[in-house]
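**Q** Can you keep this structure in mind? I'll have questions shortly.
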Amino acid sequence: MSQRIMQLSSFDIRPGKLEQFKQAIREAVAFAESHGPQIVVEIFIDEESMRANSLQIMPNSEAVLAHWKMADPYIRDVMESCIMRRLDVFGEPNEEVMLGLLSLIEQGIPVTVTPAFVGFRRGHH
């Protein structure tokens, strides 16, 4: 099993689509909480600039692939109300995840991948 992967996604919310975006995100996050492999999901919205960020931490590359498969309809719903601006990936995704990221790059979305260096995490209290 490979190691933890963190994804930070940046979005521009389409004009007039803020409420639709929020609703689609609420549904996607509720689904992820019940069924997804993520350790952490946090969504941040700046309503004034109509920008949003999504932080997801996955236990490993296998979880990223599982998330993409099961969340696809939710991701499509979210993408109707926003434009993905960039994706920053932290960790060392396996080859299959890297291939998945290529499809974003082909759509002109900047993607960075930064390997992990050092860190720790607290136990769940």
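**Q** Which residue out of V111, V118, V97 is out of contact with any Cys (no Cβ under 6 Å at 6 or more places or on another chain) and touching a residue at least 60 places away in the same chain (Cβ under 8 Å)?
**A** Working: V111 fails: touching a residue at least 60 places away in the same chain (Cβ under 8 Å); V118 fails: touching a residue at least 60 places away in the same chain (Cβ under 8 Å).
The conditions single out V97.
**Q** Looking only at residues that are part of a loop (DSSP other than H, G, I, E, B) and of a type in the set (K, R) in the stretch 1-30, which one is nearest to R51 (Cα to Cα)?
**A** The initial filter retains those residues of the stretch 1-30 that are part of a loop (DSSP other than H, G, I, E, B), namely 1-4, 14-17.
Pick out the ones that are also of a type in the set (K, R) and you get 4, 14, 17.
Working: R4: 26, R14: 9, K17: 11 Å.
Among those residues, the one meeting the criterion is R14.
**Q** If I filter the stretch 40-82 down to residues being in a helix (DSSP H, G or I) and among the β-branched types (V, I, T), which single residue comes out as farthest from K22 (Cα to Cα)? Spell out the reasoning first.
**A** Pass one, the stretch 40-82, residues in a helix (DSSP H, G or I): 61-79.
Of the ones still in play, those that are also among the β-branched types (V, I, T) are 64, 75, 78.
Values: V64: 23, I75: 13, V78: 9 Å.
That would be V64.
**Q** Something else about it: Would you confirm whether or not the stretch 29-50 contains a residue that is more than 30 Å from E92 (Cβ to Cβ), in contact (Cβ under 8 Å) with a residue 40 or more places away in the chain and of a type in the set (D, E)?
**A** The answer is no, given that none of the residues of the stretch 29-50 is more than 30 Å from E92 (Cβ to Cβ), in contact (Cβ under 8 Å) with a residue 40 or more places away in the chain and of a type in the set (D, E).
**Q** Being charged (D, E, K, R) and over 14 Å from the mean Cα position of the chain (by Cα) is the filter; apply it to the stretch 78-97 and report the residue that is surrounded by the fewest Cβ atoms within 10 Å (Cβ to Cβ). Break it down stepwise before answering.
**A** Applying the first criterion (charged (D, E, K, R)) to the stretch 78-97 yields 80, 85-86, 88, 92, 95-96.
Remaining after also requiring over 14 Å from the mean Cα position of the chain (by Cα): 80, 92, 95-96.
Numbers: E80: 11, E92: 17, E95: 8, E96: 13.
If we take residues in the stretch 78-97 being charged (D, E, K, R) and over 14 Å from the mean Cα position of the chain (by Cα), then E95 is surrounded by the fewest Cβ atoms within 10 Å (Cβ to Cβ).
**Q** Oh, and also: Just checking, does the stretch 109-118 include any residue being out of contact with any strand residue (DSSP E or B) (no Cβ under 9 Å at 6 or more places or on another chain), surrounded by fewer than 18 Cβ atoms within 10 Å (Cβ to Cβ), modelled with pLDDT under 95 and not aromatic (F, W, Y)?
**A** In the first step, residues of the stretch 109-118 are kept if they are out of contact with any strand residue (DSSP E or B) (no Cβ under 9 Å at 6 or more places or on another chain); the result is 117-118.
With the extra rule that they be surrounded by fewer than 18 Cβ atoms within 10 Å (Cβ to Cβ), the set shrinks to 117-118.
Still in the running and modelled with pLDDT under 95: 117-118.
Next, only the ones that are not aromatic (F, W, Y) stay: 118.
Yes, that holds for at least one residue.
**Q** Could you check how many residues of the stretch 9-44 are of a type in the set (D, E) and either crowded, with 17+ Cβ neighbours inside 10 Å or within 30 Å of G123 (Cβ to Cβ) (or both)? If you could, list the steps in order and put the result at the bottom.
**A** Going residue by residue through the stretch 9-44, those that are of a type in the set (D, E) are 12, 19, 27, 33, 42.
Still in the list and also either crowded, with 17+ Cβ neighbours inside 10 Å or within 30 Å of G123 (Cβ to Cβ) (or both): 33, 42.
The number of residues fulfilling the criteria is 2.
**Q** Can you pull out every residue in the stretch 45-64 that is buried (at least 17 other Cβ atoms within 10 Å of the Cβ) and either farther than 14 Å from L8 by Cβ or among the polar types (S, T, N, Q) (or both)?
**A** In the first step, residues of the stretch 45-64 are kept if they are buried (at least 17 other Cβ atoms within 10 Å of the Cβ); the result is 45, 50, 52, 54, 56-58, 60-61, 63-64.
Hits for the stretch 45-64 are I45, M50, S54, Q56, N60, S61, A63.
**Q** Out of all the residues in the stretch 83-104, which are of a type outside the set (A, V, I, L, M), part of a helix (DSSP H, G or I) and touching a helix residue (DSSP H, G or I) at 6+ places or on another chain (Cβ under 7 Å)?
**A** Here is the first cut: in the stretch 83-104, the residues of a type outside the set (A, V, I, L, M) are 85-86, 88, 90-96, 100, 103.
Right, trim to part of a helix (DSSP H, G or I) and you get 95-96, 100, 103.
Scanning the stretch 83-104 gives E96, G100.
**Q** Can you name every residue in the stretch 66-91 that is more than 26 Å from R14 (Cα to Cα) and at pLDDT below 95?
**A** Within the stretch 66-91, A66 is the sole residue that qualifies.
**Q** Does M6 meet the test of being modelled with pLDDT of 95 or more, within 14 Å of the chain's Cα centre (by Cα) and closer than 21 Å to G123 by Cα?
**A** Spelling it out, M6 is indeed modelled with pLDDT of 95 or more, within 14 Å of the chain's Cα centre (by Cα) and closer than 21 Å to G123 by Cα.
The values are calculated or read from the model by the stated rules, or taken from the named source; none is laboratory data. Because the structure is predicted, anything quoted here is derived from the model rather than measured. For neighbour counting, all protein chains shown are included, and Cβ atoms are generated from backbone atoms with ideal geometry for every residue, glycine included.
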